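The values are calculated or read from the model by the stated rules, or taken from the named source; none is laboratory data. None of the values given here were measured: they were computed from a predicted structure. Cβ placement follows ideal geometry from the backbone for every residue including glycine, while neighbour counts extend to all protein chains displayed.
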């Protein structure tokens, strides 16, 4: 499959593109002009695009989308809204018009019911709004809500759903594997699940 990866140059996105290639898919990395693409494999297809200003052809020729982008912890609320909320919603709308088979969203623990008193309240609300927009889009979707991320490769031993300990950790390698699986696995169809590394 041709799979558009938003956030392909991020810590999780790089792992997503690697694992897509390992499974025989063709990752198409959505990158800004200023993106550092040096960590991506030389044969990864680059597609210029900015989540704050997407064009209508962003999903052209793609079968599925993985949204693994984020504005990052050092940006303010305005950029969080532009990327994590509005950028995600725009890409969902473009994907729906393009007839994408499945849209896989990297969300976060707590995004299902954001705590207004949390330090991450604004971020979680942005993720929540994007998730709800996807769920209401008519697209076939999968939403992954990992607990706190580590930069580890992981061992693919993962726990999903109600059994997840929200205080646990999730290795980025495992998160990437779950996102890649969610593109094609029928078990993921129209589900939103918590996830941790075991």
*asked:* For the structure I just gave you, tell me whether residue 170 is within 18 Å of the chain's Cα centre (by Cα) and within 18 Å of residue 6 (Cα to Cα).
replied: no
*Of everything in the range 91-110 that's touching a helix residue (DSSP H, G or I) at 6+ places or on another chain (Cβ under 6 Å) and not in a strand (DSSP E or B), which residue is surrounded by the most Cβ atoms within 10 Å (Cβ to Cβ)?*
92
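Of everything in the range 131-141 that's touching a residue at least 24 places away in the same chain (Cβ under 8 Å) and either in a loop (DSSP other than H, G, I, E, B) or out of contact with any helix residue (DSSP H, G or I) (no Cβ under 7 Å at 6 or more places or on another chain) (or both), which residue is nearest to residue 14 (Cα to Cα)? Steps first, please.
So the first thing to find is which residues in the range 131-141 are touching a residue at least 24 places away in the same chain (Cβ under 8 Å), and the list is 131, 133-135, 137-141.
From what is left, the residues that are either in a loop (DSSP other than H, G, I, E, B) or out of contact with any helix residue (DSSP H, G or I) (no Cβ under 7 Å at 6 or more places or on another chain) (or both) are 131, 135, 137-140.
Values: 131: 22, 135: 26, 137: 27, 138: 28, 139: 25, 140: 24 Å.
Applying the filter and picking the extreme gives 131.
Do the conditions hold for residue 174, that is, is it over 16 Å from residue 88 (Cβ atoms), touching a strand residue (DSSP E or B) at 6+ places or on another chain (Cβ under 8 Å) and either assigned to a loop (DSSP other than H, G, I, E, B) or at pLDDT below 95 (or both)? Before you say what the answer is, go through the steps one by one.
On the way: over 16 Å from residue 88 (Cβ atoms): yes; touching a strand residue (DSSP E or B) at 6+ places or on another chain (Cβ under 8 Å): yes; either assigned to a loop (DSSP other than H, G, I, E, B) or at pLDDT below 95 (or both): no.
No.
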*asked:* Looking only at the range 50-98, how many residues end up being modelled with pLDDT of 95 or more and more than 21 Å from residue 131 (Cβ to Cβ)?
replied: 8
*Counted residues, the range 111-124 - those being in contact with a helix residue (DSSP H, G or I) (Cβ under 8 Å, 6 or more places away or on another chain) and surrounded by 15 or more Cβ atoms within 10 Å (Cβ to Cβ)*: 5
*Only listed residue being part of a strand (DSSP E or B), touching a residue at least 60 places away in the same chain (Cβ under 8 Å) and surrounded by 13 or more Cβ atoms within 10 Å (Cβ to Cβ), chosen from 179, 194, 144*: 194
*Read through the list (1) modelled with pLDDT of 95 or more; (2) over 17 Å from residue 102 (Cα atoms); (3) surrounded by 19 or more Cβ atoms within 10 Å (Cβ to Cβ), then give the number of the only condition that residue 27 fails.*
(2)
*Which of the residues belonging to the range 58-79 are out of contact with any helix residue (DSSP H, G or I) (no Cβ under 8 Å at 6 or more places or on another chain) and either surrounded by 24 or more Cβ atoms within 10 Å (Cβ to Cβ) or part of a helix (DSSP H, G or I) (or both)?*
78, 79
